[in-house]
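The values are calculated or read from the model by the stated rules, or taken from the named source; none is laboratory data. Fair warning: this is a prediction, and the values are worked out from it, not measured in the lab. For neighbour counting, all protein chains shown are included, and Cβ atoms are generated from backbone atoms with ideal geometry for every residue, glycine included. All accessible areas refer to the heavy atoms of the entire protein, side chains included, with ligands and DNA or RNA removed. Shrake-Rupley method; radii C 1.70, N 1.55, O 1.52, S 1.80 Å.
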Amino acid sequence: MTKMRLAIVGAGPAGIYAADLLIKAERDFDVEIDLFEQLPAPYGLVRYGVSPDHPRIKGIVTALREVLDRARPDTGDADTAADGEGVPSGTVRYFGNVRYGEDITLEDLKRHYHAVIFSTGAIRDASLSIPGIEAEGSYGAADFVSWFDGHPDVPRTWPLEAAEVAVIGNGNVALDVSRMLIKHADDLLPTEIPANVYEGLAANPITDLHLFGRRGPAYVKFTPLELRELGEVRDVDMVIDERDFEFDDPYATEVLGKNKQVLVMTRVINQWREAQKERAASGEHASRRLHMHFWSKPVAVVTENGRVSGLKIERTAPDGQGGILDTGEFEVIPVQSLYRAIGYFGSPLEEIPFDDERGVIPNAQGRVLGADGEPVPGVYATGWIKRGPVGLIGHTKSDAMETIECLLEDRESWWQPVEPSPEAIPALLESRSVPYTTIEGWQRLDEHEVSLGEAEGRARIKVVPREEMTRVSRGE
Ligand code: NAP
């Protein structure tokens, strides 16, 4: 074999890192990689998950784009495996707006490729089974993130009607959602938020946001930079409940207290406690408040006429081993809407094994496992759909490395494609009238969004509707 053809399904960081690593891997054969993405634009969670007010993280796009540009088959610079002549080549093509399971099937992939890697991530919200969670005004954080990040497949309007709002969870998504809800919309104008998001946020009547963690301040899953940022939001007072610091919790001090990140975050929260005392003395207050509630486990959403009217929590206490004890003490905090930010969850893919409990594709180091627990030949996974929705974007790289190593070891068990010609793929998509987008098309859309931004003195304004994204990309 002199050439390997690989399909990657999902063009977020996980899929693009996997492509890059295979291109750079030591090998004695050429590789042709086709990246399929269900959205017209690439970059997955970087474009549709990272908050618009985090341009530094959004900047990861530059590195991802370099991978796609460098390995384009038409650039004449496809020999990227190493320096020198006669080096096996590696190319990547991008096919956007192509849905796996509908526009292209597993059977198609077997006809045209030697293997497939699924890197479809996790975009749904994990469920929280407490009474009332389905009430009007109760939302999943992932859906709200999709809205403010201009995802083409969610409604364009978001009901921001509540003065008091609850956010459940102590992870970075809870911080993103809280920041976007409590910030004044004008402070988000310099970002790439679409016009409908700005208008929605500008009409947000919020005064009080209540952020709930079922464990204590030393157990949060935030990262220090993001936590500090929350306290820097203009015209918002951080409100801390002194009861949350009354426990004698040796696990927090002796085990977690040794962790540098925990120490930094404890310091940040302690600064907020001090600031609160100073505010009380000065009498100077902001127009919005963010209340941190630790040791508060959500037990029910209180409703009135089918709408959220409060969150019932049970006070918890440390169990001495990092877990919690229920105290039997309940409280209701009045809120008119609620967001659960308790983790993402993957979605099953046609004809691919799926673990319904964890929301991932069952696998061993990236080799997808069948019902018998044995690897399914030619099928691999990487990123959040492989290991679950934890970790920062950079962690996806080591994950992809593991999957690529397995892929390269398994050469003997790859599929034997009967139609390995690269031209067969665009022909197949055209025969099915799939309006697919290409990397050149993304370039067009990218330039278009930047020019929309320029007209208003902003870096970019995102195009939201799928048809418009596709039309601009395809130059129609
Ligand atoms: P996460 O970090 O796993 O946090 C989930 C939070 O939900 C935890 O505080 C968890 O509490 C809580 N939780 C889970 N089940 C619960 C329940 N039944 N009741 C109450 N609370 C519950 O997840 P995430 O916030 O979705 O973030 C996913 C990953 O993306 C993380 O690695 C995160 O760092 C990353 N991310 C990073 C950024 C950034 O860098 N700016 C932004 C967004 C996301 P326990 O700890 O008690 O389980």
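Miscellaneous remarks
- Its residue count N fixes a reference of 2.2 N^0.38 Å for the range 215-293, and the Cα radius of gyration divided by that reference is 1.14.
- Accessible surface comparison of 285, 112, 395, probe 1.4 Å, protein chains only, largest first: the order is 285, 395, 112.
- At most 10 other Cβ within 10 Å, DSSP loop - GluC sites (Glu not before Pro), the range 210-266: 232, 246
- Each 5 Å bin from zero up to the one holding the largest Cα-Cα distance in the range 125-344 carries the following percent of pairs: 1, 7, 14, 19, 20, 17, 12, 6, 3, 1.
- Violating pairs (Cα-Cα greater than 25 angstrom) within the set 24/386; 3/24; 3/58: 3/58
- Backbone HN-Hα couplings from phi across the range 28-45 [Karplus 6.51/-1.76/1.60, Hz, Gly and Pro as x]: 10, 9, 6, 10, 10, 10, 10, 9, 9, 9, 6, 8, x, 10, x, 5, x, 5
- Among beta bridges that DSSP assigns inside the chain, antiparallel share in %, nearest 5: 35
- Of the residues 126, 439, 198, the one whose Cα sits farthest toward the positive end of the charge dipole of the chain, with +1 on the Cβ of Lys and Arg and -1 on the Cβ of Asp and Glu, is 198.
- Descending semi-axes in Å of the chain, equivalent ellipsoid built from Cα gyration tensor: 43, 26, 21
- Rounded to the nearest 20 debye, dipole of the chain from Cβ charges on Lys, Arg, Asp, Glu: 680
- Positive-end extreme of charge dipole, the chain - chosen from 62, 9, 325 (charges on Cβ): 325
- Think of each Lys and Arg Cβ as +1 and each Asp and Glu Cβ as -1; about the Cα centre, that makes the dipole of the range 125-344 roughly 360 debye.
- Cα gyration tensor shape for the range 235-354, rounded if a/c is under 1.5, else prolate or oblate: oblate
- Distance between the range 202-224 and the range 429-456 - C-alpha centres, whole angstrom: 37
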